[in-house]
Amino acid sequence: MKNRIYIVVFFLAALSWTILSPNTALATCDYGRPEGVHTHQLAHIFFIISMGILIYRLRNKKPYPSSGWKFIQYSALFFILWNMDAFAVHFLNEQSNIIQVKTIGPWQIKINDCFGNNLLKVFYYLARMDYLLFMPAFIFLYYGLRSLLKESHTDVLGTDVSGKGQV
């Protein structure tokens with residue numbers, strides 16, 4: 001019991017320290033030139049193909065899959081869109097250096113491109129918000145898995161396996 005208290009106090013102290021003394025986040029990673037970027041881009045392509053195959057297989061399944069599988073199809077679609085978005089961002093910034101991002105201040109960046117095209121800068125800025133595609137993918141995945149779990153806990157007659165009544 002005493003050891004558990006020490007562990008909890010240690011983790012609370014570490015958490016407090018990180019919150020109260022913030023440093024540069026360094027939330028981006030450098031993949032190394034050029035092999036790391038190419039390998040990472042290939043992983044995006046592989047993920048796109050995998051999700052496409054999943055959607056294709058579920059759409060051609062007879063009888064048509066349950067609502068859980070439909071949510072998983074939507075999840076796969078959003079994962080495809082997210083991977084295409086991430087692929088484009090990596091290509092523009094890290095692979096071809098068409099876009100250069102410079103940090104001006106703690107909350108300011110400057111986006112430059114080699115063509116002087118404002119539309120490309122806006123596209124890059126919006127594409128960096130990939131979480132707008134990533135989060136719906138995980139939300140749909142969650143609801144799909146939750147629905148499949150509920151379906152697996154019911155028998156053919158629609159009663160709960162645990163005997164608690166209707167679902």
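Below, the figures for the structure above:
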item: Top-ranked residue in the range 61-83 [being among the aliphatic types (A, V, I, L, M) and in contact with a helix residue (DSSP H, G or I) (Cβ under 6 Å, 6 or more places away or on another chain); ranked as nearest to Ile48 (Cα to Cα)]; result: Ile80
item: Scope the range 110-154; condition among the acidic types (Asp, Glu) and either free of Cβ contacts under 8 Å to residues at least 40 places away in the same chain or assigned to a helix (DSSP H, G or I) (or both); matching residues; result: Asp113, Glu151
item: Considering residues of the range 24-59 that are more than 30 Å from Ser96 (Cα to Cα) and not hydrophobic (A, V, I, L, M, F, W, C) only, the residue modelled with the lowest pLDDT; result: Arg59
item: Top-ranked residue of the range 36-81 - restricted to ones that are assigned to a helix (DSSP H, G or I) and of a type in the set (Lys, Arg), ranked as nearest to Phe138 (Cα to Cα); result: Lys70
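To keep it simple, each residue is scored yes or no on (1) exposed (fewer than 11 other Cβ atoms within 10 Å of the Cβ); (2) modelled with pLDDT of 85 or more; (3) of a type outside the set (D, E, K, R).
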| position | (1), (2), (3) |
| --- | --- |
| Thr103 | yes, yes, yes |
| Trp107 | yes, no, yes |
| Asn118 | yes, yes, yes |
| Leu132 | no, yes, yes |
| Pro136 | no, yes, yes |
| Phe140 | no, yes, yes |
| Val156 | yes, no, yes |
| Asp160 | no, no, no |
| Gly163 | yes, no, yes |
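The values are calculated or read from the model by the stated rules, or taken from the named source; none is laboratory data. The structure presented is a predicted model; accordingly, all values stated were derived computationally and were not measured. Here the Cβ is made from the backbone with ideal geometry for all residues, glycine too, and neighbour counts use every protein chain on show.
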